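Notes for the one structure printed next.
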Amino acid sequence: MSRRQTIIILALLALVASAISTFKLLPKKYALGERLAQSTAFWHDSEAFIFLDVNTSGRSSNAAQDWLTHSRYGYFTFFLGMGPSFFDFHTSAYRLATSGHLTPLALPSQTSFYENWTLHDGNLEISSMPNRLGVRNTARWDGTQFSSVPNLSASSGQAGDSTTLRSDDATDDDVDSGFLTDAARQSLKAAGWHWKQFGAYQGAGQRATLPIDLGKTTFNLDINSFPRPTDTLSYLDQMNLGVQSLEISSPDHSKATQVLWSQKGWQTVSKSEFETRAQQSPSTIRAPFSIWIWLAILALALFWKIGYWGHLFLSIFSAKRRMLRNIATSYSFPPAIPAQFPALDVAALDRYTRELESMGFSRLREISLVSNSAKPIPSFCRLFVNTQHHCFAEAGQFFPPGKTAHPLKCAIQSVLDDGWSLVFSDRKPIAASALMRRKKALGVNMPDATPYELLNSFLQMRSQVCQDLGISVVKDDTFEGYSANAQKRLADIREALNKKNFATVVPQFYFRKFALLKTRPEYIWLGDYPKEAESRKQGLQLQARPL
């Protein structure tokens, strides 16, 4: 490179750095937005209870980012650090009386996602998932309010006359629902209770109505959803998707329509309020390093311009053949013990083991995943199974020869009907994972999340996916089922890779490599799930009915 070329490159880099620094100093505005994730209703002749699971997001932006978001270049807001700065979630509860009076109910603090629904002496009792210590937050209706009850260990037995219901993915017409067990259905029917659960995309683009009969009066729970976006950029803003409003009305009552929840979009707040909410949120996103991403892209483009085009083209045309040659065709699962791996993070392994076992997982086997590739990477995995939720958990670590061992991390996975699968991991993804994506293999990476947070998010998403696609969880909790799925996953990866056009895949690989310079709380791959869920809902008129 000549002296003149060096001066030009340095000058361009300085100009870009100045422009981005100026952009960063533009005044910001702060906003909060809420989105209804799920709603659940229980009712009998004298009263109804409605629970709303609401996700709250916070974001900051400047005038340039706002303009870019609504232009055809909206995708570039990713590089400008646009997007939510934190996420939070909470559950709201309401009681509907036969008079039509709707009362908001306070729930105990530090409760969010409710997994267990119980009848205790004829009254509704709700419990959250167990935390890392195996303790549930429980509230019971006492006739006037939901009161906290003494916390019980997740392993403790319930009262002999209680019926426990599990939050799941079912509609009332499903035979093996997962939302309620067959025994629970029969018990609730005998007690005169009815129930219904709605997802975030129930009745997309139309009004879905649930009739609720309280004595001789019929009330309608109306779910109004946004119409399907006509332009792709609208999908970037989740405030334009899902439920628009939730209302209570009655053809037998003179009371006006009552709104339980409505989508108000992004609401501007002060900087102090925004920062307070961000500090209280369990999921705060680190400040983006957008300036370094832009400088890296510019430098790379300049270097390619000067003399690396030939190398790039050779890499594109040979990458697919080299990758297929290096990918294994089968796995073996020989037994392993921690003492075989001197670099194993034993402290992290013990911590994951304690937390997973406190949430109902039990050890299944300790193995080393060995592939038949030319250069297999040594690994250790302690495999767990949860027979209640029908999912596996892995606490594993890789030891690349000649390199530092990867951090020991955890993953939770389930196999679903019709070839679908779902995996949640606290490991940060690598750029090469973008090349191995499959249409029915959904994956979410949540770096630095706790096992409790992983399982909580995993069960919520699995429930939504099963409900939207009309499928169920495969309940094979054996090691043979786990190993067979691993072999199938390997074959699916090779098939997907073989079908890819590497002229477009290689740029995607480098784009993802740059994107991973900024750590986010979540990395999500949904495959064909949104398209299949929307296709299934099109043309279906929802008319929910009580049991």
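The values are calculated or read from the model by the stated rules, or taken from the named source; none is laboratory data. Just so it is clear, the structure is predicted and the values come from calculations on it, not from any experiment. Note that each Cβ is placed from the backbone with ideal geometry, even for glycine, and that neighbours are counted across all protein chains shown.
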Restricting region 211-229 to residues that are over 21 Å from Leu241 (Cβ atoms) and in contact (Cβ under 8 Å) with a residue 40 or more places away in the chain, the one surrounded by the most Cβ atoms within 10 Å (Cβ to Cβ) turns out to be Phe219
Right, Ser483: farther than 22 Å from Leu383 by Cβ, assigned by TED's automatic domain parsing to the domain that holds Glu357, at pLDDT below 95 and crowded, with 16+ Cβ neighbours inside 10 Å or not? no
Got a sec? Which of Ala63, Ala31, Ala11 is under 19 Å from Val269 (Cα atoms) and at pLDDT below 75? Ala63
Sole miss for Ile367 among (1) over 18 Å from Lys403 (Cα atoms); (2) free of Cβ contacts under 8 Å to residues at least 60 places away in the same chain; (3) surrounded by fewer than 18 Cβ atoms within 10 Å (Cβ to Cβ) is condition (3)
Run Ile377 past the list (1) surrounded by 16 or more Cβ atoms within 10 Å (Cβ to Cβ); (2) over 24 Å from Lys439 (Cβ atoms) and report the number of the one that doesn't hold. (1)
Tell me yes or no: at least one residue of region 199-211 is at pLDDT 80 or above, within 30 Å of Ala533 (Cβ to Cβ) and touching a Ser or Thr at 6+ places or on another chain (Cβ under 7 Å). yes
Which count do you get for residues in region 440-456 that are surrounded by fewer than 19 Cβ atoms within 10 Å (Cβ to Cβ) and in a loop (DSSP other than H, G, I, E, B)? 4
Considering only region 461-482, state which residues are part of a helix (DSSP H, G or I) and over 25 Å from the mean Cα position of the chain (by Cα). Phe479, Glu480
Based on this model, can you work out whether Ser362 counts as at pLDDT 95 or above and at negative phi? yes
Name the strands (runs of 3 or more DSSP E) wholly within region 232-315 that hold at least 1 residues that are at pLDDT 55 or above and among the charged types (D, E, K, R)? 243-249
